[in-house]
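The values are calculated or read from the model by the stated rules, or taken from the named source; none is laboratory data. Everything numeric in this text was worked out from a predicted model, so none of it was measured. Note that each Cβ is placed from the backbone with ideal geometry, even for glycine, and that neighbours are counted across all protein chains shown.
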Amino acid sequence: GLQLLSEFGDEATSAANPGATTIHIEGPSESPTHQPGLPRGSGGEEDDELLGNDDSDKTELLAGQKKSSPFWTFEYYQTFFDVDTYQVFDRIKGSVLPIPGKNFVRLYIRSNPDLYGPFWICATLVFAIAISGNLSNFLIHLGEKTYHYVPEFRKVSIAATIIYAYAWLVPLALWGFLMWRNSKVVNIVSYSFLETVCVYGYSLFIYIPTAVLWIIPQKAVRWILVVIALGISGSVLAMTFWPAVREDNRRIALATIVTIVLLHTLLSVGCLAYFFDAPEMDHLPAATVAPNQTVAAAK
């Protein structure tokens, strides 16, 4: 109604005074004008998104909502499994195809660490190592008349103990060490315990196909696979945790990265030696005991 009266008053004024100038004042809802600005796809925003520096208000709000529940409630732990399939696959892809010079946490996790991916990656790796170790033992002694295949189910529990202990205790020790060093030296980058666990969990994914290929009964092929898997996963860990220690003393920073890579090497080499190279050693005592028994029988 006000708009009609306004238009009517303008027309009446124009009719009474033809030479007058009429100024129309329009509200913002009547004429949405386009404000020119910078293009959205500018290079600076792309660099920020690639580096993971877009700490928006939405991310902070979601992070605050995640930590609002008490730690003894089910809702608190449910948030750490609140991740979709696309995010899990994207993080797996980032752990298998690391980008040189890029931080895995800032690029893929972005203040939203999950335990869903690391938990199932470790569980899959446990069964892959145990099953592949049994198949490797079977293929090594295939065709021998004196050999009787017996599945070694204890390898599942041993593999589970090794993998889950590594995926939890090593990140815990590393996180505690980084927190101690942060109290002495102000570092630009710092990680939470869950972010550290998340990085270690996803870095183990490359060992799942590696453990399957370890069935091939050739030591040269197995060691080549170890070097490839160790290079990929070790580079993810080194590029992620180097920014957290590079502001520290040079020797301490280098010693930290070397320790991380050495523990990762010990895990891969230890799994290969125990689950895949051990069956050949287990078969040797049977051949050495038989001559002793025959000599004793002759006496």
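The number of residues in the range 135-166 that are among the charged types (D, E, K, R), part of a loop (DSSP other than H, G, I, E, B) and surrounded by fewer than 15 Cβ atoms within 10 Å (Cβ to Cβ) comes to 2. Take the conditions (1) in contact (Cβ under 8 Å) with a residue 60 or more places away in the chain; (2) within 18 Å of the chain's Cα centre (by Cα); D248 misses just one of them, which is (2). Here is the figure for the range 108-134: residues that are of a type in the set (D, E, K, R) and buried (at least 21 other Cβ atoms within 10 Å of the Cβ) total 1. Taking the numbered list (1) part of a helix (DSSP H, G or I); (2) crowded, with 20+ Cβ neighbours inside 10 Å; (3) out of contact with any Ser or Thr (no Cβ under 8 Å at 6 or more places or on another chain) in turn, V105 passes all entries but (3).
The residue that is surrounded by the fewest Cβ atoms within 10 Å (Cβ to Cβ), among those in the range 203-229 that are among the aliphatic types (A, V, I, L, M) and part of a loop (DSSP other than H, G, I, E, B), is I216. Please work out if S192 is buried (at least 17 other Cβ atoms within 10 Å of the Cβ), of a type in the set (S, T, N, Q) and in contact (Cβ under 8 Å) with a residue 40 or more places away in the chain. Against the criterion (buried (at least 17 other Cβ atoms within 10 Å of the Cβ), of a type in the set (S, T, N, Q) and in contact (Cβ under 8 Å) with a residue 40 or more places away in the chain), S192 does not qualify. Among the residues of the range 122-134, is any farther than 24 Å from G201 by Cβ and at pLDDT 75 or above? Yes; the residues of the range 122-134 include at least one that is farther than 24 Å from G201 by Cβ and at pLDDT 75 or above.
Rundown of residues vs (1) small (G, A, S); (2) at pLDDT below 90; (3) within 17 Å of P98 (Cβ to Cβ), yes/no style:
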site: E195; (1), (2), (3): no, no, yes
site: S203; (1), (2), (3): yes, no, yes
site: I206; (1), (2), (3): no, no, yes
site: L213; (1), (2), (3): no, no, no
site: Q218; (1), (2), (3): no, yes, no
site: L225; (1), (2), (3): no, no, no
site: I228; (1), (2), (3): no, no, yes
site: G234; (1), (2), (3): yes, no, yes
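Residue-level check: of (1) more than 19 Å from L266 (Cα to Cα); (2) surrounded by 17 or more Cβ atoms within 10 Å (Cβ to Cβ), G176 misses just (2). Within the range 153-165, residues that are over 16 Å from F276 (Cα atoms) and modelled with pLDDT under 95 reach no partner that is of a type in the set (K, R) and part of a helix (DSSP H, G or I) with beta carbons closer than 7 Å at six or more positions or on different chains.
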